[in-house]
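Here, each number is a calculation from the coordinates, and none is a lab measurement. Not measured: the values here are computed from a predicted model. Neighbour counts run over all protein chains shown; Cβ positions are idealised from the backbone, glycine included.
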């Protein structure tokens, strides 16, 4: 018959106060705690309302006399529109590429809007000069109010609706071009 051995207590070396097993338990516990915290934070971020702040549906753009000949991009950052004056005509183009929604800045030296994302190029009237965009830049409705100020509609930016003139001859009709 075998003798039962008396369990030996592990002796820790004096220079290493932490056993390997204790170390691995602490590391594992810490990893689980970190993963759990990430899961809880991610869940709360998912459940939190995520509001998309879009520009107002209409805005006052000042006097038509404030806009010299050419493309004015002062409203691009806040309202996502360019205001274009060509002779006595004034119209506004929505500054969102019709390909995938990037913002094509105006390049005055070249006389075109050039989308930095995929290379679409648009003429000053919004027509596509080079793709991949297939549709011209959308036009926003505008009007001159009784007090002489310019009012521009920016509702539904980047969504083409029948009432949002985009192709000729509608986009050069009343409501999308004003004569000053």
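Observations, loosely collected:
- Packing-based exposure ordering (other Cβ within 10 Å, fewest first) of 118, 99: 118, 99
- Added length on full extension, which subtracts the Cα-Cα distance from 0.36 nm per residue, residue 69 to residue 44: 3.9 nm
- Intensity falloff of region 58-179 expressed as log10 I(q)/I(0), Debye formula with alpha-carbon point scatterers, at q = 0.15, 0.18, 0.23 Å⁻¹: -0.60, -0.88, -1.47
- Each principal axis of the Cα cloud of region 62-107 was evaluated for its coordinate range; sorted largest first, these ranges are 33, 19, 16 Å.
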